[in-house]
Each structure stands twice: as C-alpha cells, then as structure tokens.
Amino acid sequence: KPLVFSGVQPTGNLHLGNYLGAIRKFVALQENNDCIYCVVDLHAITAQLVHDDLRGQIRSIAAAFIASGIDPKKHIVFNQSAVPQHAELAWIFNCVARIGWMNRMTQFKDKAGKDRENASLGLLAYPSLMAADILVYRATHVPVGDDQKQHLELARDIAQKFNIDFQEKIRATGTGVDMVVGEEKIHGYFPLVEPLIDGPAPRVMSLRDGTKKMSKSDPSDLSRINLMDDADDIARKIRKAKTDPEGLPGEIEGLKDRPEADNLVGIYAALADRTKADVLAEFGGQQFSVFKPALADLAVHVLSPISGEMRRLLDDTSHIDAILRDGGERARARAGKVMADVFDIVGFLR
Ligand code: TYM
C-alpha cells in the first residue's frame, strides 16, 4: 500500500517554488493516500546552527500546510525533532552510507562552498537523515521539487545496501517483504522510494533569471513570490519579471531556449491545475502585457486565501501547537514499530 512522506525545512519564508513544487502536491495526494508531512527542524540546523526564531518558523511551515488544505486529522503533520526515531535511524544509515556518496551530493557542494573542511558534519550527513525521515515509516512515495531528486536516489541506495547487507538477518527475523525492484525480485525491509517530481512546475525559476531556481537565499526579493506577499507585491513582481521581447508561442516547442517564458507558463499551469500545452492553447500569440496581468490575478486568487489563513492560524499558536503535538504522538507510534524491527535486524539488545 502506498505511503506518502515529505518534509519542508523551517528556514526562511516559503515561496512559490516550495508551494508548487511540494505543498500543492501534498494537498492533492491526500485524496487517495495515507500521508505524513513533516517540518524538518533537525535539518534546519545543518547549514546554520543558531536561529532567531526557530519555533516561530516551525509553526509557520505547519500553518502553511494547514492553510493550503492538508487535513491533520486524516493525515499526520508534525515536526521532526518530536520523533527521536528519525535521528536514531539516521545514525544507522550513517553507517550504511559511504562518505563518497555524500561527497557527490550537488546540494552539499553548493551549500558548503569553497571551505568544505569547515562545513558541519551534519550538512554532509544531511541526506542520510533525509533517507531516515522517509524510511522510518517505510514510506514509498515522496513528492518534492526537482532539486531533491539526487537526495532521493541516495535514499534508494541506502535502502538497497541495507536490504542486501542484512538480507540474512531480515529473513531470520521475519520482518521483510518480497518486493520487485525493476525486473528483480528481492526480499528486503526498506522499500525503494519513488520520487514524485512531475507536474508543470517541478523547478520554479527565479523571476529575475530563468536559469536560476527560485530560492529562499536569493538576495533579490524580486526574484521570488513569497507565500506571505500581499496582492500588490505579487502583481508588482510578476510585472517586473524578466521576459524576452517575443509573445507567447502556440505550442510547447516554442518555449525551447526561452527559460523565462517557459517558467511563467509553467507557473500559470501549476496554479490552474492545467498543462502547459493547455495554457498555450489559450494564450498563444498574446503579448506578455496580456499574459502577466492574467498570471498575477491567478496567483493572487490562489495565494491570498492561503496567506490570510496562515495569519489567522499564527495569531494564536495554541491550535498549531496542538496539531503538531498530536501528529508527533501518532508519528512516534508508527516510527517506534519500524525501529523495533530495525533493532532486531541489526542485532541490538533491548
Ligand atoms: P526545502 O525545505 O528546501 O524545500 C521544500 C520543498 O520545496 C521544493 N522546492 C522547489 N520546488 C520547485 N521549484 C523550486 N524553486 C523549489 N525550491 C524548493 C523542494 O524540492 C522541496 O520539495 N531536503 C528537503 C527537506 C526534506 C525532505 C525530507 C523532503 C528533509 N527530509 C524527506 C522529502 C522527504 C529540503 O531541503 O526541502
């Protein structure tokens, strides 16, 4: 049975990339799946140790989940540090994963920059904790933006190595299941996770430069639409978004080598739950002076109810805190069962 897991870091303000690449997909997946959505506060201290208002940031991500339409009663919403099994399994995965695997992660190389010797050990081990987040529930499907693809491949490598290295123990303890991986049938404990990256906006780009991804750390606020931006800010940023002099093409092929146009069409499609082809069928041949106001209206229509509801939820934190407490309790119960199996498989004495 499919089980969906994903996480968002409580660092900086959420932007349209986080919303379209991740949170909007979380909402859609609730319909037909059991889902677990996590505010990954342990990950938040890997790049920067001390934060001004970490608690406020954690609540703000949880509020964004709820305001976007995630149902915390039917599904689980919690913060990572409330479930110690994440860190516990991450330690075991630190012993499964190889240093070479971690050194190859492009996000580590980007975040560590030139002075790699001085990056925290946590930043290097980050993907191992991420694999533990998912696999401590034996989750099978992970909705994320395109930038997390390499981390999910690593989670598959870790699961695979664990399954192979411990295969005798997994059989002996009767904890495993038969699974099909590609063509091959294996008996393993951890599933090989499937990334869910598709959709019209898997990688939302900066509004100032269509070759850079929209990110929390871009110094220009004009490069991104924040979830908390008001209608005027949204309209202004879209009006100022970089474009080329041509109008919109009638077909997808016409977006080739036009990263800024492609980005805006992808954003429109994702916000409207339509395909890019469908959007071009409507706007093909039009100038950006027509398309941009339509995009701004749509973005305001989708985002302003969410930011309004977030403000309301954050006004009195007791509601969000109760949701996180309840989610944490249910998550601990599920993670505890998996860790009991893992202790048996590894051979720790309880
Ligand atoms: P984070 O907090 O950086 O981002 C949260 C989600 O937003 C997506 N995203 C984007 N999608 C499209 N376009 C963009 N410009 C864009 N920017 C960000 C990210 O892909 C992500 O889905 N490592 C993760 C958090 C994490 C996690 C996990 C995710 C920790 N454990 C387990 C899944 C499963 C991260 O830093 O996301």
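What to note about this one:
- Residue in segment 241-260 that is surrounded by 18 or more Cβ atoms within 10 Å (Cβ to Cβ), under 26 Å from the mean Cα position of the chain (by Cα) and outside any helix (DSSP H, G or I) present: yes
- Taken over segment 43-92, the criterion of being within 10 Å of Ile320 (Cβ to Cβ) and of a type in the set (Lys, Arg) is satisfied by Arg59 alone.
- Flag: Gly100 does not match the condition of being more than 26 Å from Ala335 (Cα to Cα), away from the ligand (no atom under 13 Å from the Cβ) and modelled with pLDDT under 95.
- Looking only at segment 229-240, and only at residues there that are assigned to a loop (DSSP other than H, G, I, E, B) and away from the ligand (no atom under 16 Å from the Cβ), the one that is nearest to Phe288 (Cα to Cα): Lys240
The values are calculated or read from the model by the stated rules, or taken from the named source; none is laboratory data. Note that the structure is a prediction, hence the values are computed from the model and not measured. No Cβ is skipped: glycine too gets one built from the backbone with ideal geometry, and neighbour counts run over all protein chains shown.
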